[in-house]
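Notes follow the structure.
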Protein chains: 2
Amino acid sequence: MSSEVTGAPPTGDALTPGARRVLDAAAELFYGRGINAVGVDLIAKQAGVTKKTLYDRFGSKEALVAAYLRERDERWRRWLTARVNEAAEAADLAEVGAPEQEAARAAVRVLATFDALERWMRRENPRGCGFVNAAAELPDAAHPGRQVIADQKRWLRGYLRELCHAASASDPDTLADELVLLHEGAMVLSGLAIVDAPVRLARDVAVRALAQRGVVGT
Amino acid sequence: MSSEVTGAPPTGDALTPGARRVLDAAAELFYGRGINAVGVDLIAKQAGVTKKTLYDRFGSKEALVAAYLRERDERWRRWLTARVNEAAEAADLAEVGAPEQEAARAAVRVLATFDALERWMRRENPRGCGFVNAAAELPDAAHPGRQVIADQKRWLRGYLRELCHAASASDPDTLADELVLLHEGAMVLSGLAIVDAPVRLARDVAVRALAQRGVVGT
DNA sequence: GTACGAGTAGACCGATCGGTTTACTCGATA
DNA sequence: TATCGAGTAAACCGATCGGTCTACTCGTAC
């Protein structure tokens with residue numbers, strides 16, 4: 001009787017207080033130590049909750065992993081779009097003629113993704129991309145977390161494509177792929193601490209890629 | 001009495017037949033399923049060996065992980081340098097004047113690293129960079145495998161620096177860092193299958209980076 | 001006033017974890 | 001002939017794995 005396992009994991013906002021603490025603890029532990037290195041007992045303990053609560057709310061460790069990735073994805077998307085829009089609004093485009101104003105603002109947006117990434121890495125991603133790390137630990141294609149990872153990467157590509165189109169770049173789709181490449185490379189190098197300022201480096205390369213594609217701006 | 005644990009793990013070539021099979025099994029399982037998802041029992045079973053042999057030869061799982069990474073590193077270095085040298089020898093530089101011959105050959109070498117990478121990813125790295133994946137699973141800075149990972153990445157940077165210097169690039173060190181960035185980004189995207197031909201893409205960006213640095217050639 | 005959702009406390013399950021141990025076999029070397 | 005390194009076979013260790021279960025306590029909403 002009593003509590004029945006909810007088949008679908010929580011959407012993110014309608015969490016009970018216990019579930020909220022479980023997800024927070026899981027996020028910290030999964031990212032910091034690796035998914036397979038963290039047991040459900042430890043998560044429950046750190047959340048100040050019993051395993052029963054964890055399983056009543058999330059159903060399985062697999063589902064909890066997927067929920068962790070989903071929420072991380074949401075946070076990243078909100079962060080990125082917010083920083084990009086801020087930069088576009090703050091940009092001073094006085095010397096740009098009215099006809100090119102829109103394209104110039106889009107160019108600012110593209111480069112702002114690198115600034116957003118740089119701050120994100122410092123604040124939330126010192127151990128590299130959480131999705132790439134998760135993919136390394138989830139070789140099983142059937143794992144529900146794999147879908148979240150694929151969605152995350154596809155979303156970034158789509159978002160950069162939009163920005164490249166708006167910036168009137170020639171061959172915007174290829175340019176977007178190149179920007180994704182630079183983003184991923186910068187994230188890996190940030191986690192490995194082998195190059196000094198990898199995101200800055202990626203941004204510099206991006207600037208040249210933009211210029212080469214006829215994008216006006218910075 | 002009998003067998004004593006060897007403190008230092010084997011160097012790679014002087015392995016007993018049992019140790020050889022253990023290392024081969026470990027390499028396949030660690031890369032294919034992730035380090036933390038594979039137990040020593042499974043490795044021993046797949047190698048057709050008892051756990052005693054595994055522990056007599058390697059001492060601990062940690063040391064076995066380090067040995068796996070060391071051998072993978074050696075294989076990659078051998079592969080990369082061999083392909084690069086092949087390409088340099090095969091290059092037809094008839095129309096290049098004698099004074100620039102050496103620089104032109106070095107330029108060929110730089111681009112050959114991407115061709116070598118592309119074939120390596122198809123043959124040995126379908127799940128992405130084994131070192132980046134391992135880093136995701138080894139958050140403990142004291143783990144012996146971490147040193148191997150850092151060495152591997154630093155070696156690539158040093159190798160690319162040599163090639164960039166030999167190619168008479170302006171600012172060769174920064175160029176080398178950019179090439180490392182492109183290599184890492186291409187490896188991540190190869191593992192995630194989100195972009196069609198990530199290594200080809202990285203190579204194209206590299207060509208432009210070379211031209212921008214005054215490197216003659218392809 | 002009672003039914004229900006969210007929670008605690010904690011025992012329990014079989015399986016597996018990394019690692020150790022004892023006892024024995026085999027082939028080569030000295 | 002004696003020794004020794006490499007190996008097999010298999011039991012054993014305490015700890016932890018993901019997951020289940022019973023019994024009970026709240027607070028709220030109908």
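Taken together, the values in this text are just the output of simple stated rules run on the coordinates, not laboratory data. Fair warning: this is a prediction, and the values are worked out from it, not measured in the lab. Cβ atoms come from the backbone with ideal geometry, glycine included; neighbour counts cover every protein chain shown.
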Report summary line: Expressed in angstrom, Rg and Dmax over the Cα atoms of the stretch A:167-218 are 11.9, 35
Requested in this report: Note the distances from B:Arg123 to each other copy's matching label point, with points 7 Å along the Cα-to-beta-carbon direction, in nm, sorted shortest first.
Outcome: 4.5
Query raised in the report: By counting other Cβ atoms within 10 Å of each Cβ, how are A:Ile194, A:Ile35 ranked from fewest to most?
Result: A:Ile194, A:Ile35
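So how much slack lies between A:Lys52 and A:Val216, counting 0.36 nm per residue of separation and subtracting their Cα-Cα distance, in nm? Please list the in-between numbers first.
Details: separation 164, 0.36 × 164 = 59.04 nm, distance 5.74 nm.
Extending this stretch completely gives an extra 53.3 nm.
How crowded by other chains is B:25-33, given as the mean number of beta carbons from other chains within 10 Å of each beta carbon?
Details: counts 0, 0, 0, 0, 0, 0, 2, 1, 5.
What the average comes to for B:25-33 is 1.
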**Report entry** the stretch B:47-138: radius of gyration and largest Cα-Cα distance (Dmax), Å
**Finding:** 19.3, 63
Report task. At q = 0.14 Å⁻¹, work out log10 I(q)/I(0) for the protein assembly as shown with the Debye formula, treating every Cα as an identical point scatterer and leaving solvent out; two decimals please. Result -> -1.31
Report summary line: Between the alpha carbon centres of the stretch A:84-159 and the stretch B:95-143 the gap in Å comes to 26 Å
Query raised in the report: How large is ³J(HN,Hα) for each residue in the stretch B:143-159, as worked out from phi by the Karplus curve 6.51 cos²θ - 1.76 cosθ + 1.60 (θ = phi - 60°), to whole Hz, x for Gly and Pro?
Result: 5, x, x, 4, 5, 5, 4, 4, 4, 4, 5, 5, 4, 4, 4, x, 5
Query raised in the report: What number comes out for the charge environment of A:Tyr159, summing +1 per Lys or Arg and -1 per Asp or Glu over other residues with Cβ under 10 Å away?
Result: +4
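Averaged across the residues of A:202-210, what count of C-beta atoms belonging to other chains lies within 10 Å of each residue's C-beta?
Details: counts 4, 0, 5, 9, 1, 0, 5, 4, 0.
Rounded to a whole number, the mean comes out at 3.
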Report task. Work out from phi, with θ = phi - 60° and the Karplus expression 6.51 cos²θ - 1.76 cosθ + 1.60, the ³J(HN,Hα) of each residue of the stretch A:23-33, listed in order in whole Hz, and give x for Gly and Pro. Result -> 5, 5, 5, 4, 4, 5, 6, 4, 5, x, 10
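Just counting partner chain Cβ atoms within 10 Å, what average do the residues of peptide B:133-142 show around their Cβ? Could the numbers behind the result be given before it?
Numbers: counts 6, 1, 9, 14, 8, 3, 7, 3, 0, 0.
Whole-number average of other-chain Cβ neighbours for B:133-142 is 5.
Using only Cα atoms, figure out Rg for the stretch B:71-212 and give it as a multiple of 2.2 N^0.38 Å. Intermediate values should be presented prior to the final figure.
Working: Rg = 15.7 Å, N = 142, 2.2 N^0.38 = 14.5 Å.
Compactness ratio reported: 1.09.
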Requested in this report: Take every Cα pair under 8 Å in the stretch B:17-59 that's 6+ residues apart, average their separations, divide by the length, and report that relative contact order as a whole percent.
Outcome: 48 percent
Requested in this report: List the relative contact order of chain B as a percent without decimals, with contacts defined as Cα pairs under 8 Å and 6+ residues apart.
Outcome: 21 percent
Query raised in the report: Using Cα atoms only, what is the angle between the long axis of helix B:172-192 and the major principal axis of chain B, expressed in degrees (0 to 90) to the nearest 10?
Result: 50 degrees
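Rounded to the nearest 500 deg cm²/dmol, what is the calculated helix-only ellipticity per residue at 222 nm for chain A, with -39500 (n - 2.57) per DSSP H run of length n ≥ 4? Kindly include the intermediate steps, with their values, before the conclusion.
On the way: 9 runs with 154 residues, N = 218.
Theoretical 222 nm ellipticity from helices: -23500 deg cm²/dmol.
What ranking do B:Val40, A:Val215 get, fewest neighbouring Cβ atoms within 10 angstrom at the top? Provide the component values of the computation, followed by the final result.
Working: B:Val40 16, A:Val215 24.
Lowest to highest Cβ neighbour count: B:Val40, A:Val215.
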Query raised in the report: Hey, which lysines would be in cross-link range of A:Lys45, C-alpha to C-alpha under 23 Å, not counting anything within fewer than 8 residues on its own chain?
Result: A:Lys61
Report summary line: If A:Tyr68, B:Tyr159 are placed from fewest to most neighbouring beta carbons inside 10 Å, the sequence is B:Tyr159, A:Tyr68
Query raised in the report: Where Rh is the Kirkwood radius over the Cα pairs of the stretch A:48-100, the temperature 20 °C and the viscosity 1.002 mPa s, what D in µm²/s does Stokes-Einstein return?
Result: 146 µm²/s
